[in-house]
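Participant: Sharing a structure with you now.
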Amino acid sequence: MPEHQSATGPIGVFDSGYGGLTILRSLASRLPQYDFLYLGDNARAPYGNRSFELVYRFTLQAVRELFSRGCRMVILACNTASAKALRSIQQHDLPLIDPSRRVLGVIRPTVEVIPSLTATGHVGVMGTQGTVASHSYRMELNKVSGEIRVTEKSCPMWVPLVENGEAEGPGADYFVEKYCGELIESDPDIDTVILACTHYPLLLNKIRKAMPEHVKILPQGDLVGESLADYLRRHPEMEIRCRKQTAAEDSAARGSIEYLTTENPEKFNPLASMFMGTAVVATGITLEG
């Protein structure tokens with residue numbers, strides 16, 4: 001049964017692992033007055049090479065878990081989950097679970113800004129194998145503007161480099177230069193590149209050095225943060241359900257961030273702290289469904 005419409009709860013943020021923390025960090029910075037509840041399915045990560053059916057099943061389990069903990073809105077801060085599970089959950093599951101709740105992804109907010117940024121109409125997408133194979137960015141960009149040419153590049157080594165603490169190491173230089181070079185070689189007219197994986201901002205400085213100077217590099221965090229702020233402005237009924245009770249009384253009140261992981265928290269916390277730039281203490285859970 002849906003909870004009472006006037007009840008409030010945190011904004012849920014889900015990712016298969018750690019990368020969604022870069023989205024969470026931007027959301028919390030852009031919308032500090034809200035509470036956030038992060039869930040990382042680290043025990044079953046990565047999702048990038050898993051089937052559509054399995055990603056959908058795991059993502060739905062996570063959404064249900066966040067709903068059960070009071071979230072009225074869940075952001076899929078995972079490109080693979082957004083590509084492989086979002087539409088099915090929105091169309092088939094939400095009407096049965098609670099039509100008043102919302103599940104949003106990271107792909108649409110990213111592509112909406114592209115037409116205003118590209119001068120050549122040639123755009124690169126760098127992501128995991130699963131995101132690239134889904135062609136979700138290509139399809140969404142075609143909906144926004146049929147005149148944009150999209151070149152996609154899978155970067156299978158970037159996530160392992162980040163998660164093994166090698167983002168600043170010489171091994172990262174090699175693979176960043178390799179994938180960036182291959183992308184530009186595929187289409188020298190590219191002037192805008194979407195980083196379609198939430199781990200990639202940790203490689204941003206190296207990516208900028210490896211790309212031609214005129215190419216715009218777009219991490220997703222700020223784009224998703226601004227999109228969510230706009231969404232809440234346009235949907236006051238949802239904004240009320242996500243707003244902290246104290247925020248209505250004190251506009252300076254800052255929200256809280258809580259963390260859940262399917263991994264051992266002692267393993268999760270150090271790397272999560274690196275992504276967030278502050279100490280993270282998570283609670284371990286098990287997802288079932």
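The values are calculated or read from the model by the stated rules, or taken from the named source; none is laboratory data. Note that the structure is a prediction, hence the values are computed from the model and not measured. Counting neighbours? That spans all protein chains shown, and the Cβs are built from the backbone with ideal geometry, glycine included. Note: accessible area is taken over every heavy atom of the protein model, side chains too, but ligands, DNA and RNA are not part of it. Shrake-Rupley method; radii C 1.70, N 1.55, O 1.52, S 1.80 Å.
Participant: Please count how many residues of region 192-209 are open to solvent by 10 Å² or more (accessible area, probe 1.4 Å) and over 19 Å from residue 26 (Cα atoms).
Facilitator: Number satisfying all stated conditions: 3.
Participant: Filter region 139-159 for residues that are touching a Ser or Thr at 6+ places or on another chain (Cβ under 9 Å) and assigned to a helix (DSSP H, G or I); which is nearest to residue 186 (Cα to Cα)?
Facilitator: Checking each candidate, the answer is 158.
Participant: Kindly indicate which of 83, 77, 45 is small (Gly, Ala, Ser) and modelled with pLDDT of 95 or more.
Facilitator: Every option except 77 fails the conditions.
Participant: Being open to solvent by less than 20 Å² (accessible area, probe 1.4 Å) and either among the hydroxyl-bearing types (Ser, Thr, Tyr) or over 17 Å from the mean Cα position of the chain (by Cα) (or both) is the filter here, so list the residues in region 260-275 that pass it.
Facilitator: Passing the criteria: 261, 268.
Participant: So residue 32 clears everything in (1) closer than 20 Å to residue 140 by Cβ; (2) open to solvent by 10 Å² or more (accessible area, probe 1.4 Å); (3) touching a Lys or Arg at 6+ places or on another chain (Cβ under 7 Å) except one condition, right? Which one?
Facilitator: The failed condition is (1).
Participant: Answer with yes or no whether residue 99 is part of a helix (DSSP H, G or I) and out of contact with any strand residue (DSSP E or B) (no Cβ under 7 Å at 6 or more places or on another chain).
Facilitator: Considered against the rule, which asks whether it is part of a helix (DSSP H, G or I) and out of contact with any strand residue (DSSP E or B) (no Cβ under 7 Å at 6 or more places or on another chain), residue 99 comes out as no.
Participant: Inspect all residues belonging to region 226-240 and state whether any of them is modelled with pLDDT of 95 or more, within 22 Å of residue 65 (Cβ to Cβ) and surrounded by 15 or more Cβ atoms within 10 Å (Cβ to Cβ).
Facilitator: So far as region 226-240 goes, yes, one or more of its residues are modelled with pLDDT of 95 or more, within 22 Å of residue 65 (Cβ to Cβ) and surrounded by 15 or more Cβ atoms within 10 Å (Cβ to Cβ).
Participant: Now for a different question. Does region 124-131 contain at least one residue that is over 16 Å from the mean Cα position of the chain (by Cα), assigned to a loop (DSSP other than H, G, I, E, B), of a type outside the set (A, V, I, L, M, F, W, C) and under 26 Å from residue 56 (Cβ atoms)?
Facilitator: No; the residues of region 124-131 include none that is over 16 Å from the mean Cα position of the chain (by Cα), assigned to a loop (DSSP other than H, G, I, E, B), of a type outside the set (A, V, I, L, M, F, W, C) and under 26 Å from residue 56 (Cβ atoms).
Participant: Has region 160-178 got any residue that is open to solvent by less than 10 Å² (accessible area, probe 1.4 Å), part of a helix (DSSP H, G or I) and closer than 23 Å to residue 51 by Cα?
Facilitator: No, that holds for no residue.
Participant: A further question follows. Among the residues that make up region 48-71, is at least one of them open to solvent by 10 Å² or more (accessible area, probe 1.4 Å), within 17 Å of the chain's Cα centre (by Cα) and free of Cβ contacts under 8 Å to residues at least 12 places away in the same chain?
Facilitator: Within region 48-71, not a single residue is open to solvent by 10 Å² or more (accessible area, probe 1.4 Å), within 17 Å of the chain's Cα centre (by Cα) and free of Cβ contacts under 8 Å to residues at least 12 places away in the same chain.
Participant: Same structure, new question: Quick one: which residue in 11, 23 is within 14 Å of residue 221 (Cβ to Cβ), crowded, with 23+ Cβ neighbours inside 10 Å and either more than 12 Å from the chain's Cα centre (by Cα) or at pLDDT 95 or above (or both)?
Facilitator: 23
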